[in-house]
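A quick write-up on the structure given underneath.
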Amino acid sequence: MAKVLATFQDPHRAEQAVDALEKAGFSDQQISLVAKDHRQGGRGDNLADGTAWGAGIGAGAGLLASAGLLAIPGIGPILAAGPLAAALTGATVGGLTGAFVDWGVPEQEGKHLEKEVEEGRAVVLVDAAQKAEKAEEILRRFGQEVQTLH
């Protein structure tokens, strides 16, 4: 099963990509998003609370409305949504890298993605099954770096 991942300099672009993926028929169970919490003081309940993310693109529905705030040792507060968020809940061993690896990302790439999040970039991961090309196309429109894992 193909998994497609993308990194984003701008978390708003990540939101737009998630919105486009949902409109293209990808379910909340196929899309994960993780990013450092950029809101003032790292406070808030979800991405769509209007404090920083979700403004202006109608991100109140679907995956983004379910995003939650988690504290990851060594990184601090992050916002996470989708299956990866569930893997992160209660993760003590391996932290963010461990969750990426559990999701099927090679360990070295997982470490790279953790560093991306730590440095303030957002990561979107899609369990694309037979629609990997469609997921790639959508993520390339919004993302900085896109790759497919088989």
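Computed from the coordinates by the stated procedures, all read-outs in this text should not be read as laboratory data. Please read these numbers as outputs of a predicted model, since none were measured by experiment. Every residue, glycine as well, gets a Cβ built from its backbone with ideal geometry; the counts of neighbours run over all protein chains shown.
Things worth noting here:
- The residues of the stretch 100-125 that are farther than 13 Å from residue 7 by Cβ, crowded, with 17+ Cβ neighbours inside 10 Å and in contact (Cβ under 8 Å) with a residue 24 or more places away in the chain amount to a single one, 103.
- Among the residues making up the stretch 131-141, those that are surrounded by fewer than 22 Cβ atoms within 10 Å (Cβ to Cβ) and either under 19 Å from residue 9 (Cβ atoms) or in contact (Cβ under 8 Å) with a residue 60 or more places away in the chain (or both) are 131, 132, 134, 136, 140, 141.
- Output for the stretch 1-32, where each listed residue is surrounded by fewer than 23 Cβ atoms within 10 Å (Cβ to Cβ) and in contact with a Pro (Cβ under 9 Å, 6 or more places away or on another chain): 28, 29, 30
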